[in-house]
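**Q** The structure follows.
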Amino acid sequence: MNRIQTELASLIKKKILSDGPMTFRDFMSAALFHETHGFYTQAPSIGSPTGPFDTNAKFTAFGFAVAQAISQAAQHISGPPRVLELGGGTGQLGACIMSFLTIPHEYMVLETSQGLRKIQAEQGLLTVETLKGLEPAASIVFGNEVLDALPVHRVMGLADNEVCELFVDVDEKGELCEQPGDLSTPQLLQRLQDEHIHLGRGHVAELCLEIEPFLQELIRVVRPGYIIFVDYGDKASNIYSYRHRNGTLRCYYQQQHIHDSFFAIGEQDMTADVDFTAVVSKATALGLELAGWTSQGTWLTNLGIQQYVGTGRDSLSRQREVDLLTGKASLGSTFDVLMFKTHGLPDGPGLHP
Ligand SMILES: C[S@@+](CC[C@H](N)C(=O)[O-])C[C@H]1O[C@@H](n2cnc3c(N)ncnc32)[C@H](O)[C@@H]1O
């Protein structure tokens with residue numbers, strides 16, 4: 001397919017021609033969050049038939065079960081919790097969770113995109129662009145598919161156990177391309193060493209260095225509390241295995257899976273599998289404790305998602321939603337749930353039937 005020459009693609013090329021090649025991380029950050037033309041800045045209609053992709057947020061049953069998780073976690077915290085949703089998308093999930101929450105609480109969405117914050121506010125949600133200025137409070141933090149949107153660096157194995165980084169450059173035809181170069185930061189090599197990852201010649205991998213600062217910002221305001229992530233990803237040994245020798249980076253454009261990162265810059269989503277090993281090791285190094293790690297299907301089932309079905313006239317369609325969200329051959333095994341807690345709290349909700 002021919003690339004779509006977007007305004008953002010022209011701006012990025014101009015910048016590269018004046019400043020030199022940029023890291024893939026900086027390119028992805030611009031593609032998703034550029035102040036005017038970024039994919040998320042332009043408030044994509046996630047979950048609609050004409051939107052770029054669907055998420056769990058589309059299903060009321062999911063919001064029902066997350067509300068159960070929040071209510072259960074709140075029992076271990078004194079006083080009404082602050083519920084902080086990370087990356088609220090169209091606000092559909094936040095509004096749905098709030099509609100099922102019967103406990104006293106304060107609901108807040110942390111959202112980078114100005115366009116999405118506006119849509120979330122229209123749904124009655126209180127939104128913040130940053131956590132700076134927010135006081136620490138008893139909190140339950142929840143993020144569905146937010147870690148997979150954090151920008152990643154791309155590296156590639158060379159001969160003799162060396163590793164290079166892939167930068168975004170402009171080729172002789174004026175098209176964006178990837179070019180190998182020296183690592184932009186020693187943290188990349190450190191991450192590979194920490195995770196005992198060896199990349200053979202030509203093996204490409206995405207490394208997300210944003211996990212640590214993202215968690216650090218969160219931890220400051222969660223005193224005490226739980227942080228729950230639902231996302232696609234795997235242990236480092238699987239993500240960086242030879243099976244994924246071209247990496248896990250992918251793009252979505254109008255519900256289609258696109259393999260070219262430069263196809264429709266600013267109009268397509270870009271995402272990579274989450275390295276759960278890195279998330280756990282960074283979170284625990286920052287003082288959190290792992291409060292549970294399970295599949296979405298098991299988690300939702302343990303939370304009692306089946307109660308959502310009921311016996312009403314729409315119970316068949318409700319059961320279909322539940323089956324889709326929990327099934328081993330569907331979303332139930334596509335997503336994992338990672339839960340963290342501050343010291344002294346019991347394990348997270350939904351771990352046991
Ligand atoms: C894949 S969408 C998921 C949206 C929603 N949670 C859902 O399930 O439909 C990622 C969301 O995270 C937001 N986001 C990405 N990086 C973020 C960050 N560092 N802080 C807050 N929100 C972020 C995006 O703007 C977007 O709303």
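**Q** Would you mind checking the pairs 235/282; 58/328; 15/118; 282/341 and listing those with alpha carbons more than 21 angstrom apart?
**A** Values: 235/282 14 Å; 58/328 19 Å; 15/118 29 Å; 282/341 13 Å.
Pairs exceeding 21 Å: 15/118.
**Q** Ok, one more. Can you tell me the relative contact order of the chain? Whole percent, Cα pairs under 8 Å, sequence separation 6 or more.
**A** Computed over the chain, the figure is 20 percent.
**Q** Calculate the tail of P(r) for the stretch 223-263: the fraction of all Cα-Cα distances greater than 12 Å, expressed in %.
**A** 72 percent
**Q** On to the next question. When the helix-only estimate is applied to the chain (DSSP H runs of n ≥ 4, each -39,500 (n - 2.57), divided by the residue count), what is the mean residue ellipticity at 222 nm, nearest 500 deg cm²/dmol?
**A** Values: 12 runs with 114 residues, N = 353.
After summing the helix terms and dividing by the residues of the chain, the value is -9500 deg cm²/dmol.
**Q** Still on this structure, I have one more. Between residue 183 and residues 5 or more places away or on another chain, which pairs have amide H atoms under 5 Å apart, with H built 1.01 Å from N, and which residues are they?
**A** 165
**Q** How big is the Kirkwood radius of the stretch 83-127, worked out from every pair of different alpha carbons and given in Å to one decimal?
**A** Roughly 10.2 Å, rounded to one decimal.
**Q** From a point 7 Å beyond the Cα of residue 198 in the direction of its Cβ, which residues of the stretch 152-182 have a backbone N at a distance under 20 Å?
**A** It comes to 155-165, nothing else.
**Q** In addition: Using 0.36 nm per residue, how much length does the chain from residue 134 to residue 190 gain when fully extended, once their Cα-Cα distance is taken away?
**A** The residue 134-residue 190 span can extend by a further 17.0 nm.
**Q** How much length is gained if the chain between residue 158 and residue 18 is pulled fully straight, taking 0.36 nm per residue apart and subtracting their Cα-Cα distance, in nm to one decimal?
**A** Values: separation 140, 0.36 × 140 = 50.40 nm, distance 2.87 nm.
Additional length available on full extension: 47.5 nm.
**Q** Volume per residue, Å³, of the convex hull around the alpha-carbon atoms of the stretch 128-169?
**A** 179 Å³
**Q** In nm, what is the difference between 0.36 nm times the number of residues separating residue 255 and residue 317 and their Cα-Cα distance?
**A** 20.1 nm
**Q** Report the relative contact order of the stretch 107-182, percent, no decimals, based on alpha-carbon pairs under 8 angstrom and at least 6 residues apart.
**A** Numbers: 72 pairs, mean separation 13.1, N = 76.
Answer for the stretch 107-182 is 17 percent.
**Q** Would you kindly calculate the mean projected area, averaged across all directions, of the convex hull enclosing the Cα atoms of the chain, in square nanometres? Working shown, then result.
**A** Numbers: hull surface 74.1 nm².
Hull-based average projected area comes out at 18.5 nm².
Where a number appears in this text, it was derived from the coordinates with a stated rule and is not lab data. Please read these numbers as outputs of a predicted model, since none were measured by experiment. Positions of Cβ are backbone-derived with ideal geometry, glycine not excepted, and every protein chain shown enters the neighbour counts.
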